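Read-outs: derived from the displayed coordinates by stated rules, not from any lab. Because the structure is predicted, anything quoted here is derived from the model rather than measured. Quick reminder, even Gly has a Cβ in these numbers, built from the backbone with ideal geometry, and neighbours come from all protein chains shown.
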Amino acid sequence: MSNSVIKNILPYGEKLRVLLSHSELSSSNHRTILNSKGVFLSNYDKNNTVPALMTTLLDPTEFYELMEMQSQKEDSEKSRTLQLPWQGGNDLIQTIPKELNLNNLIKSNTNYKPTFKIIGNPQFVRVNNQKDVISLDFEIERENNTKGWDERKTIHRGSINISLTDKNNLQLITKKTHTSKETLETGELLLKYLKSHYKANSWTDKDADFERILFNHFINENRISFFFALTGELHFGVEFDKLINITIGPDPSTNIHQDLKEFLKDIENVKIKGKALQSHMIIAKTQYHPNLIFSSMLAKYNFKLSEGNGSFIVEYTFNEYEESKNPKSEFQFFIQRINLDKGYRQISNKEKIRKILNTAIETKKLEFYNNFKS
């Protein structure tokens, strides 16, 4: 292990508690470390895992592993989509408050001194000079306790994309992209502020609220249909290859199908890994679906675009349901890895390809949500 990664002394006491309690580290991450140390708990809630890890302490390898877990989650661009009924004009830049200032917005909505700040004073701009599509990109600077203790300040990006569509009725589609909890919180504050502004100007109904893709918006079989609709063609030139893993469990409120009783006995949920899980009997047989809770999947796709050819892996998840059984968990996805074919690695713009893929998933995701929501 490089000495540049673990510097001087491993964290302990309050520094270790701050690291272990970090928003991007889940209880399942803690469980992985504890189990590798031979420590097993009856309940892996953070209230139990943090004290246990502080008691056992971390060796350099375990500390590095936690840093990698957090870094992988933060650096992945996570995206969520919301809808809002719209009755305003189509020149969206004209609907943005003139006095918009994210730092002031954060300060006015925080009872304590924020641990991060917005760099500069970012503003909404038109996308490709289109009146009905605008975006705001921002960066935050925050203190990060998983870096070397002499380089705690880190930069994280977030964005809000707002566009109008005209399918049956006019809707405001707001896309949030975030790389850390703080960028997500900033996006939520901005959305809340804009919603109030829109209502004050009668651009949306006074009782309107953002419609989010939530776990409890689906019955079990429709949730599985929603997930598996995403294993089709996402975009011209973007085709599904295979499922890599799924997280699934029995719904205790239903009478489990006789064929599944033995397999799912004493299981709360299980992550199944494989090479072509879309053909597995537990998924392929729709008669099982009413009894199953499907909460995440990892899928591989191949793409042939004018910008380049290759493959990518994307995770779709109701993350908060997996972590705490929150029925209002919001659906999100993030592209974990893009692999360019050999002939394109030196000439293709991977970030441009990522944006095309993100947009393709966003479009399909919203379409399938409207098809399968309860």
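Observations
- Label selected from [x] 20.9; [y] 22.9; [z] 21.6, the criterion being Kirkwood radius over Cα pairs in Å as computed here: [y]
- Those residues of the stretch 89-128 whose amide nitrogen sits under 18 Å from the label point placed on Ala200, 7 Å along Cα→Cβ: 89, 93-110, 124
- Spacing of the modelled spin labels on Asn370 and Lys153, each 7 Å from Cα toward Cβ, amounts to 4.5 nm.
- If the segment from His235 to Ser311 were pulled out straight at 0.36 nm per residue, it would be longer than the present Cα-Cα gap by 26.0 nm.
- Each label was represented as a point 7 Å from its Cα along the Cα-to-Cβ direction; for Ser21 and Ser36 these points are 2.4 nm apart.
- Gained length - Arg126 relative to Asn245, 0.36 nm times residue gap less alpha-carbon distance: 39.0 nm
- Across the stretch 216-372, C-alpha contacts under 8 Å between residues 6 or more apart give a mean separation that, scaled by the residue count, equals a relative contact order of 26 percent.
- From least to most packed, judged by other beta carbons within 10 angstrom and beginning with the fewest, Lys342, Lys46 follow the order Lys342, Lys46.
- Note on the stretch 78-212: Cα-Cα pairs beyond 24 Å make up 32% of the total pair count.
- If R0 is taken as 45 Å, the Cβ-Cβ distance between Lys285 and Leu57 corresponds to a FRET efficiency of 0.40.
- Modelled label positions at Ser253 and Asn90, each set 7 Å beyond Cα in the direction of Cβ, lie 4.2 nm from each other.
- Helix-only CD estimate at 222 nm, as mean residue ellipticity for the chain, using -39500 (n - 2.57) per DSSP H run (n ≥ 4): -10000 deg cm²/dmol
- Using a cutoff of 8 angstrom between alpha carbon atoms and counting only pairs six or more residues apart, the relative contact order for the stretch 229-288 works out to 37 percent.
- Entries in Lys15/Lys271; Lys285/Lys373; Lys275/Lys304; Lys192/Lys328; Lys192/Lys350 that, when Cα-Cα distance is taken, lie over 25 Å: Lys15/Lys271; Lys192/Lys350
- Packing-based ranking of 117-125, 306-314 yields 306-314, 117-125, ordered from highest to lowest mean Cβ neighbour count within 10 Å.
- If R0 is taken as 22 Å, the Cβ-Cβ distance between Glu99 and Glu141 corresponds to a FRET efficiency of 0.45.
- Among Tyr321, Tyr12, Tyr112, the largest mean-square fluctuation in a Gaussian network model of the chain (Cα springs under 10 Å) belongs to Tyr112.
- Each other residue within a Cβ distance under 10 Å of His30 adds +1 if Lys or Arg and -1 if Asp or Glu, for a net charge of +1.
- For the chain, the relative contact order works out to 15 percent when only alpha carbon pairs closer than 8 Å and six or more residues apart are counted.
- Rg over Rh [alpha-carbon atoms, Kirkwood Rh] for the stretch 216-372: 1.01
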